[in-house]
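Note sheet for the following structure.
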Amino acid sequence: MSKLRAAARSGRGLQQRAGEVRKSPRRCRENVSSHKGMLPPVSAYHLFSHLAEIEAFRKNLLAWYDKCKRDLPWRKLAASESDTNRRAYAVWVSEIMLQQTQVATVIDYYNRWMQKWPTLQALAKASLEDVNELWAGLGYYSRGKRLQEAAQKVVSELAGQMPATAEELQRLLPGVGRYTAGAIASISYGQATGVVDGNVIRVLCRVRCIGAESSSPAVADRLWDLANALVDPARPGDFNQAMMELGATVCTPRAPLCMECPVKPHCRARCRVEKELEFASKRLLGKAASSCSQAPDIEECGSCSLCPPATEPWDSSLGVANFPRRATKKQPRAERTATCVLERRGPRGEPEYLIVQRPSSGLLAGLWEFPSLALGPGLKEKQQREALLAHVQAWAGEAVARGHLRHVGEVGHVFSHIHQTYVVYSLLLGGDPEAASGGRDEELERPAFRWVTQAEFQKSAVSTAMKKVWKACERQSCEERGPGQGCKRKRGADPSRASQRKVEADGSLPPRQLSLDSFLKAPAGE
Ligand code: SF4
């Protein structure tokens, strides 16, 4: 019995062979609905057909939300701001930041953003550089850029007034999709419109046993229909936030807390798990032995367009986590990039590092990075060095031998669709600091660049991946200094000494940078 209770608490059923099909489920084909014209018909089993049930669902969910909701800054702002325009802006910023990013990460960014740009007008006046700087580390950088572009549009083309309906928000604002529009309209303007994000999909798929691929357009349309049917017209913003909160804190992907769930009485997935548990328990106690039933009496749809595919039947070992079904995720493609932390002495002898700006469109648009070069497949280490050296030579302002490029290591970073490996090198310039500015060859077309101190680097609009590159150099520097030297990075002085120690130890390279003259006289192969 205790095993059964534990299984019930975790939302999992008793073990059953994956793929085993129940023999006598009670089919529920009544009220077959095809009200969407082109959409294939679905069974009432996957819908909310009775107003009384919808009302009970809303009441239970909102009562739980009022008691258990997390105290979040954007919720406070939305509740306290009387100006609808400012309220919509505050909600908009939070919704954009929360896309693909966890609440805990967003809070600090959100607070800093709203402090810096408390209104649409303030954001519209900001520079993209400032936006990128504040966004640095939050990922999916185009979101910040698009948010600012949309703010400029509201100010310049819409007289500073936010559109007030979901339809207009989506139509008029770049970067605002159906979900964000619904969230802003319901939370800020009280429009009775539902929202569907990943958390809501999970809740809806479970409460109505929707096992068809949730990202397919037909299923997505059905989910939007369900969300719109359920949303509470008296408190649409709270209802939508409650659905998302439930998905984020109770109806979680792997370990849903069904016993604490306010909509448990309406959840068909949970109902199915409970029936299986009850049946298994009776069997254990011998009560089912006399019955001719070989399977619990489970109500299910059978085969409509919202059911799981016949090839993927209910798996009791998963319990409620049978839903939703996920599409097989496309693997991110692997890419390699050589990157060089190029260092020089600043005018007062302090270490400075070169960062260059990425193009204004595409991945990490407009952000700053150490000089980097995409590596083709199959390049050997020597070829990588040569290619990178040719790339950084123009910045160096002095001829640099290949051997002066120090290999630091490899740093991995996963973007949404790319598994990027940075092959990290460092290069300490020893010549004239003014020359090491890329000041020569001005006719060359190069991206914007600047030399920054460590503190300036940390404050710059650099990606998380570049901060990892920095840390890799820092670690190496620390290791080379050895124990007892402390690991607070003072790049510049220490790495060069360490480099010198290493070079002297293995005798491989001259411990100083070559002048152009020496370079020309250097032995072939350098
Ligand atoms: Fe469990 Fe259903 Fe509630 Fe999700 S919605 S936590 S599956 S009872």
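Within segment 242-275, restricting attention to residues that are closer than 21 Å to Pro313 by Cα and assigned to a helix (DSSP H, G or I), the residue that is farthest from the ligand (Cβ to nearest atom) is Lys275.
Of everything in segment 96-150 that is over 16 Å from the mean Cα position of the chain (by Cα) and hydroxyl-bearing (Ser, Thr, Tyr), the residue that is farthest from Asn85 (Cα to Cα) is Ser127. The residue that is surrounded by the fewest Cβ atoms within 10 Å (Cβ to Cβ), among those in segment 57-86 that are touching an Asp or Glu at 6+ places or on another chain (Cβ under 9 Å) and not in a helix (DSSP H, G or I), is Arg70. The residues of segment 203-218 that are assigned to a helix (DSSP H, G or I) and buried (at least 23 other Cβ atoms within 10 Å of the Cβ), listed by number, are Val203, Leu204, Cys205, Arg206, Val207. Taken over segment 244-262, the criterion of being among the charged types (D, E, K, R) and either in contact with a Gly (Cβ under 6 Å, 6 or more places away or on another chain) or without any contact (Cβ under 8 Å) to a residue 60 or more places away in the chain (or both) is satisfied by Glu260 alone.
Being under 33 Å from the mean Cα position of the chain (by Cα), at pLDDT 85 or above and part of a helix (DSSP H, G or I), is that true of even one residue in segment 389-397?
yes
The single condition among (1) modelled with pLDDT of 90 or more; (2) surrounded by fewer than 18 Cβ atoms within 10 Å (Cβ to Cβ); (3) not polar (S, T, N, Q) that Cys340 does not satisfy is (2).
I want to confirm something. Restricting to segment 350-371 and keeping residues that are of a type outside the set (Val, Ile, Thr) and in contact with a Pro (Cβ under 9 Å, 6 or more places away or on another chain), which single residue is surrounded by the fewest Cβ atoms within 10 Å (Cβ to Cβ)?
To start, the set of residues in segment 350-371 that are of a type outside the set (Val, Ile, Thr) comprises 350-354, 357-371.
Subsequent filtering for residues that are in contact with a Pro (Cβ under 9 Å, 6 or more places away or on another chain) retains 351-352, 354, 357-359, 365-366.
Details: Pro351: 20, Glu352: 25, Leu354: 24, Gln357: 19, Arg358: 20, Pro359: 11, Ala365: 15, Gly366: 20.
Per the stated criteria, the residue is Pro359.
Please enumerate the residues belonging to segment 87-110 that are surrounded by fewer than 18 Cβ atoms within 10 Å (Cβ to Cβ) and part of a helix (DSSP H, G or I). Correct list: Val103, Ala104, Thr105, Ile107, Asp108. In the set (1) outside any helix (DSSP H, G or I); (2) in contact (Cβ under 8 Å) with a residue 60 or more places away in the chain, Pro163 fails one condition alone, (2). Just to be sure before I move on: is Pro217 modelled with pLDDT under 95, of a type outside the set (Val, Ile, Thr), away from the ligand (no atom under 16 Å from the Cβ) and at negative phi in the structure I sent? Against the criterion (modelled with pLDDT under 95, of a type outside the set (Val, Ile, Thr), away from the ligand (no atom under 16 Å from the Cβ) and at negative phi), Pro217 qualifies.
The values are calculated or read from the model by the stated rules, or taken from the named source; none is laboratory data. The shown structure was predicted, so the numbers you read here are calculated from the model rather than taken from an experiment. When we count neighbours, we look across all protein chains shown, and the Cβ atoms used for this are built from the backbone with ideal geometry, even at glycine.
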